[in-house]
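Notes for the one structure printed next.
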Amino acid sequence: MHRRGLKLGLGLLLTGYVAAGADPAPRPSIWIWPLSSYGRSAVSQDYAEYGYVEGKHHTGMDIGTGGTHPDVHAAASGYITKYVPNGATGCKSTGCPDHGYGNSLAIRHKRKLYSFYAHMDHIDAELLSRIKDKCQEHAGKDQYGAVMDEWDCKNKAVHVQQGDTIGVVGNTTYGCSGPTCYFTDKVLPIHLHFESKKFDTLESPDEPTAFGYSVAHPHFDGWQDPISWVEGSTSIADPYQVTVTGDGEGVNMRVGPNTEYPARLAAHAGATYWAQNTLGSTGGCSMGWYKLRRTRDLSGDPNTYFVANDGYKLPDVWVCRGNNGITYIAP
């Protein structure tokens with residue numbers, strides 16, 4: 001999916017006070033982007049984005065590669081905990097143990113945090129050999145009753161360093177691999193589905209039917225926004241309350257920096273948002289980018305999200321400030 005970006009004739013007015021219960025101070029980035037030449041600007045479907053699968057939120061971020069197959073790298077050092085092979089050809093009609101993720105890996109890092117990499121064309125051959133030598137294959141049903149066929153590595157036997165090649169980007173899903181693989185009713189493009197979460201099973205313990213898409217906001221089901229790990233925290237110690245007004249020109253609202261999308265995002269005059277400092281200077285945005293959250297408490301109610309004209313909804317968007325020397329959000 002590729003979309004979204006425009007200039008809105010709306011200004012952003014700083015109200016001048018700090019919220020009680022402010023988010024913690026930012027932390028530096030701990031992970032690296034899993035695709036060395038593809039970062040925030042390549043994200044085609046964002047974390048928690050709502051509506052691509054009707055009535056559900058996206059549990060990770062999709063990183064598009066323009067049809068190419070680059071290597072996938074471990075975002076941080078850790079231990080492989082799970083390898084799930086793509087299902088057998090034709091399994092979609094009978095139940096696929098990959099549950100749409102295709103060839104996928106989970107890695108456990110510090111803080112009992114897991115990174116998860118899905119839809120890979122294949123796993124790195126040397127790594128796969130170590131997994132099959134050191135880990136155990138399990139088939140049947142998992143603890144939530146879902147069909148399974150996976151390799152579990154519970155003994156810290158397979159270690160990877162940050163930056164190690166773990167596989168190659170693809171579009172494997174439901175036993176399919178090739179140019180016309182379908183996820184739901186849509187052809188699945190070549191991309192990496194990348195997650196940050198607090199569990200190593202495919203589905204969330206809090207929503208056992210959630211595979212890649214959840215009914216609840218993924219925050220409530222144990223997923224986290226990967227951007228907070230690969231680019232540091234998206235919050236600042238004193239987030240500013242911001243009100244959209246009818247003043248100003250050229251406020252850019254996009255899914256991410258350095259991206260131009262064709263669809264319109266709606267921001268409503270008089271609505272209150274939270275500005276959270278994030279990336280530094282990028283082209284045309286000399287004073288950096290801010291992330292606006294419609295609901296700080298992550299209520300998960302998609303009726304409060306930003307709405308794009310393609311019908312999909314986002315709980316947060318990015319705002320560029322500093323174009324032509326104009327400051328829309330002043331720190």
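Every number here is computed from the coordinates shown, using simple stated rules; none is lab data. Just so we're clear, the structure is a prediction, and the values are computed from it rather than from any experiment. Cβ sites come from the backbone with ideal geometry, for glycine too, and all protein chains shown count toward neighbours.
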Residue 187 versus residue 303: modelled label distance in nm, points set 7 Å from Cα along the beta carbon direction = 3.8 nm
inquiry  = I need the calculated FRET efficiency for the pair residue 88 and residue 157, taking r as the beta carbon distance and R₀ as 35 Å, to the nearest 0.05.
reply    = 0.85
message = Could you tell me how many cubic angstrom of Cα convex hull volume region 40-230 has per residue?
response = 113 Å³
request  = Net charge near residue 165: determine it from the other residues with C-beta under 12 Å of the C-beta of residue 165, scoring Lys and Arg +1 and Asp and Glu -1.
outcome  = -4
request  = Sort the following peptides by mean Cβ neighbour count (other Cβ atoms within 10 Å, averaged over residues), highest first: 182-189, 88-95, 72-79.
outcome  = 72-79, 182-189, 88-95
request  = Give me the compactness ratio for region 191-231, meaning the Cα radius of gyration over 2.2 N^0.38 Å.
outcome  = 1.12
key: Anisotropy class of region 49-125 from Cα gyration tensor, a/c 1.5 cut   = rounded
ask   = For 104, 37, what ranking results if the residue with the fewest other Cβ atoms within 10 Å of its Cβ goes first?
value = 37, 104
task = Can you tell me how much longer the chain between residue 142 and residue 37 gets when fully stretched, taken as 0.36 nm per residue apart minus their C-alpha distance, in nm with one decimal?
result = 34.2 nm
request  = Find how much the distance from residue 68 to residue 110 grows on full extension, using 0.36 nm per residue of separation minus their present alpha carbon separation; answer in nm with one decimal.
outcome  = 12.0 nm
FRET efficiency estimate (nearest 0.05) - Cβ-Cβ, residue 134 to residue 168, R0 22 angstrom = 0.55
inquiry  = Can you pull out the trypsin sites (Lys or Arg not before Pro) in region 103-155 whose DSSP state is coil and whose Cβ has at most 14 other Cβ atoms within 10 Å?
reply    = 154
message = Just to confirm my numbers, what's the Cα centroid distance between region 152-187 and region 39-80 in Å?
response = 12 Å
